[in-house]
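Report on one structure; see the data block that follows.
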Amino acid sequence: MTGSDVSVMVVDDHPIWRDGVARDLTERGFRIGATTGDAVSALRIARTVRPDVVLMDLNLGDTSGVEATRQITQEISGTRVLVLSASGEHGDVLEAVKAGASGYLVKSASVEELVDAIRRTAVGDAVFTAGLAGLVLGEYRRMAVNPDDSEQQPPRLTDRETDVLRQVAKGLTARQIANKLVISHRTVENHVQSTLRKLQLHNRVELARYAIEHGLDRDGTPEE
Amino acid sequence: MVSTGERKAETSGGAEESRRRTTPRRAAGLVTSTLVPESAGEASSGGEAVPDGRIPLWRAHNGLRILTLLYALVWFVVLVSDYRRPALGTAVLVGMALWTAFTCWRYGKPSGRTNTMVALDQVVTMVLFALCYFVLTERQLDLGLPTVVTVWHASMVTAAAVRWGMPGGAVSGVAAAAANFAMRGYIDPNMWMDTVLHIAIGLLLGLASDTARHSTERLARALRAEAATAERERLARDIHDSVLQVLARVRSRGSQLGGEAAELATLAGEQETALRALVSTGPAESVGGSTDLAAQLRTLDSERVSVSVPATRVELPAASVSALFSVTREALQNVDKHAGPRAHAWVLLEDLGTEVVLSIRDDGPGIPEGRLEQAAADGRMGVARSIRGRVESLGGRITLDTAEGEGTEWEIHLPRGESEHGRSAGGTRGQHGGTTA
C-alpha cells in the first residue's frame, strides 16, 4: 500500500510527533507538501501548496485547529482535512468535524491505519473512529431535543444511518457492517459520509445565519 | 522550567481563572511540574466565591435596629415631659443612637461581626436598658408604659441569634426578658407576651442563621468538589494530549527499531500505562446526587478499549453511574480473561432521553453455541450472573449477543426515572434504529 500521488501537509505543534509522522509517510510514498506547527501559517501555506490532505492536530496552543479546519475546507477546494488528534475524543473533535473535517483518527493509530485513512480521505471518504461515531450520534440526538433556537429544522438521521453509525461506534469495520446489514460496502461508506455532510451543511447555515443576525462580516469577529 | 512557575501561578489563582484559560501548550515539564494531586485541591480551596448566607440576616438586623430606634424616639417625645430624670433619658436616647450607628457600621462588614462585638452589644444594650430604671417614674413603670429603649432592646437578641445561632439567640432572649421582669418588679400578661416574643425571636432567627450557615458551607463544599473535578479532568486531558502521546510514539517507533531501542520502548510503555492509570481516577460526585456517566466511562479509554460517548453530559443518579461503571469494568476484565490480551473492546454510551443504552463489545473469539448453557449448568456463570444481577437491580435489562468467531456484545438498557427526564440531554424522540442484539 503506497501513497501514490497524494500530497499531505502535517499541522502539529509538537516537533517530535510532526517529524515522526512526516517521515513515516514519506517512507510509504506520500509527498509531504509542508509541515507547520500553528494554525495561522497552516492556512497561509495550504493556500499556496494546496495539498490533497491536511493532517490537523486540534491542540495547537496558539489558535484553534477547529478554526483552521473551517477556513481550509471552505476556502481551498480539493483540500480535505483529516483530524489526527489525541484529545480524548471530546467536543473539539466534534466541532472540527462540523467545521468541515472529513474524518478523525487517534494518534495512537498504527502507521498502516494512518496510511489507509489518508488514502480514503484523499478520495473523499469519511474516516470515522468509533469515538467519533459516538459523538456524532450524540450530536444528532442533542439537536433533536434542543434545536439551537433556530427556525431551521435540525438534520435527522435515517434509521439506516443510525444503524450504521452505531455499528461504527461499536468498532465494526465497513466490511463487517456491510455483511451484518446485508448491504454493499459502498453503501455503508455513503451512509457514513451522508451523516457528516448533513451535519456540516447545518453548521454552515447556522454560522451564516448567526453572522447575518449579528452583523458580522465574513472574516470578521470570531463566532464564539 | 519556565512552565513550572507559570502553571503553579495558575493553579493558585483559583480554578475559575485556570478554566478560563486556553489549554496550555504541551510542555515537556508538564508531568513533573503539575502532576501533584493536591494542586487540584489548592486551586479550589478559596471558597470566597460563595457569599455567606447570613449576610441578609445581618442587613435585616441593622434595619430592625434603625426602625426600633425611630419607634423609641416617638415614645420619647410623648413621655419625656413626665420622666423623673429627662436629662438622663435624653442621654440614654443619644447613647442608643450612637450605639445604633456604631453597630450598623460594624455589622455592615464581615470583619465587624465578631464574637467580641456581639458580646459587647449585649452589655451596652443591657446597660442602656438598666438606666431606664432611673429615668422613668415609679408610676410610669407600674402602668406598663414603655421604657426609653422600648423594643430597641430586642436588637441585642437578633444580633446574638444571627451570630451564634439558636442557643445564642435563646440565651439572649431569656436575658432580655429577665431584665424586663427585674425592672418592673411584677408580672402581667403583656410582659408574658414580651417574654415569649423575645425568646421566640432568638430561637427563630437563630434557626434561620444556622440553616443559612449550613447551606453556605454545603454550597462551598459542592463548588470546591466541582472545581477540583474540573481541574482533575483538565489535567488528565492535558496529560492525555501531551506526555502520553510522546510515550506512545516512543513505544511504537522503538519496538519497530528493535534492539536497545526496543528496551527503551518497553520502559516508555510501562510509564505510559502507569501514567494513564494515574490520571484515570474517577470524577467526584457532583451537586444534587447525579453524575455524568459519560465522563466516568471516558476514563476507561485505552489502547485496547475505545470509549464512545456523546459530547454532552449523561446525567444519572450517582448510584446508577457507579454501578454501570463497575459493570462495564467487570465486563472489560472479562474480555481480558476470555478473549485474550490481543482482543479489543468498544464501549458505546447512548442517551435516548427516556433510557440510556450502554453497549460493550469485544472482537474476541466469542462464545460457541451451547457453551453458555453448559457453563450455566456447571455453575460457572459467575461474571455474567453478577453483571446481570446488578443491572436488573437498577431496573435495567441486559442482553448478551455472541457467536463463535464474532466476539461478545453486552447491551444494557437502563430506563430513566420520571424525575430525571428533564435533566437529560436526550429526549423521547430518540432516533434509535432498533437494537442489534
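The values are calculated or read from the model by the stated rules, or taken from the named source; none is laboratory data. Small disclaimer: the values here were computed from a predicted structure and weren't measured. Cβ placement follows ideal geometry from the backbone for every residue including glycine, while neighbour counts extend to all protein chains displayed. Note: areas computed on protein heavy atoms with side chains; ligands, DNA, RNA excluded. Shrake-Rupley method; radii C 1.70, N 1.55, O 1.52, S 1.80 Å.
Which of the strands (runs of 3 or more DSSP E) contained wholly in the stretch B:285-359 include at least 2 residues that are within 12 Å of chain A (Cβ to nearest Cβ)?
Correct list: B:305-308, B:345-351.
I'd like to check which helices (runs of 4 or more DSSP H) are fully inside the stretch B:88-188 and have at least 2 residues that are crowded, with 19+ Cβ neighbours inside 10 Å and over 37 Å from the mean Cα position of the chain (by Cα).
Values: elements: B:115-135, B:138-143, B:155-184.
It comes to B:115-135, B:155-184.
Residue-wise test of (1) touching a strand residue (DSSP E or B) at 6+ places or on another chain (Cβ under 8 Å); (2) more than 23 Å from B:ARG298 (Cβ to Cβ).
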{"residue": "A:PRO15", "(1), (2)": "no, yes"}
{"residue": "A:ASP24", "(1), (2)": "no, yes"}
{"residue": "A:ARG47", "(1), (2)": "no, yes"}
{"residue": "A:LEU58", "(1), (2)": "yes, no"}
{"residue": "A:VAL97", "(1), (2)": "yes, no"}
{"residue": "A:GLY100", "(1), (2)": "yes, yes"}
{"residue": "A:TYR104", "(1), (2)": "yes, no"}
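May I ask you to verify whether A:GLY138 is assigned to a helix (DSSP H, G or I), modelled with pLDDT of 90 or more, within 25 Å of A:VAL106 (Cα to Cα) and not hydroxyl-bearing (Ser, Thr, Tyr)?
yes
Taking the conditions exactly as written (at pLDDT 90 or above, over 18 Å from B:VAL127 (Cα atoms), in contact with a Pro (Cβ under 8 Å, 6 or more places away or on another chain) and assigned to a helix (DSSP H, G or I)), does B:GLY206 satisfy them or not? Break it down into steps so the answer makes sense when it comes.
Numbers: at pLDDT 90 or above: yes; over 18 Å from B:VAL127 (Cα atoms): yes; in contact with a Pro (Cβ under 8 Å, 6 or more places away or on another chain): yes; assigned to a helix (DSSP H, G or I): yes.
Yes, satisfied.
Name, by its number, the condition in (1) open to solvent by 40 Å² or more (accessible area, probe 1.4 Å); (2) within 11 Å of another protein chain (Cβ to nearest Cβ) that does not hold for A:GLN152.
(2)
Table: residues versus (1) outside any helix (DSSP H, G or I); (2) of a type in the set (D, E, K, R); (3) farther than 16 Å from A:LEU196 by Cβ; (4) modelled with pLDDT of 90 or more.
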site: A:LEU43; (1), (2), (3), (4): no, no, yes, no
site: A:ALA101; (1), (2), (3), (4): yes, no, no, yes
site: A:TYR104; (1), (2), (3), (4): yes, no, no, no
site: A:SER108; (1), (2), (3), (4): yes, no, yes, no
site: A:ARG119; (1), (2), (3), (4): no, yes, yes, yes
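Test of understanding: among A:THR173, A:THR79, A:THR73, A:THR162, which residue is touching a residue at least 24 places away in the same chain (Cβ under 8 Å), of a type in the set (S, T, N, Q) and under 24 Å from B:VAL309 (Cα atoms)?
On inspection, the qualifying residue turns out to be A:THR162.
Here are the criteria: (1) open to solvent by 90 Å² or more (accessible area, probe 1.4 Å); (2) modelled with pLDDT under 50; (3) over 26 Å from the mean Cα position of the chain (by Cα). Tell me which single one B:PRO37 does not satisfy.
So B:PRO37 meets the others, but not (3).
Just need a number here: residues in the stretch A:119-140 that are of a type in the set (A, V, I, L, M) and within 7 Å of another protein chain (Cβ to nearest Cβ).
Summing the residues that are of a type in the set (A, V, I, L, M) and within 7 Å of another protein chain (Cβ to nearest Cβ) in the stretch A:119-140 gives 4.
Quick one: how many residues across the stretch B:397-416 are small (Gly, Ala, Ser) and open to solvent by 10 Å² or more (accessible area, probe 1.4 Å)?
The number of residues fulfilling the criteria is 2.
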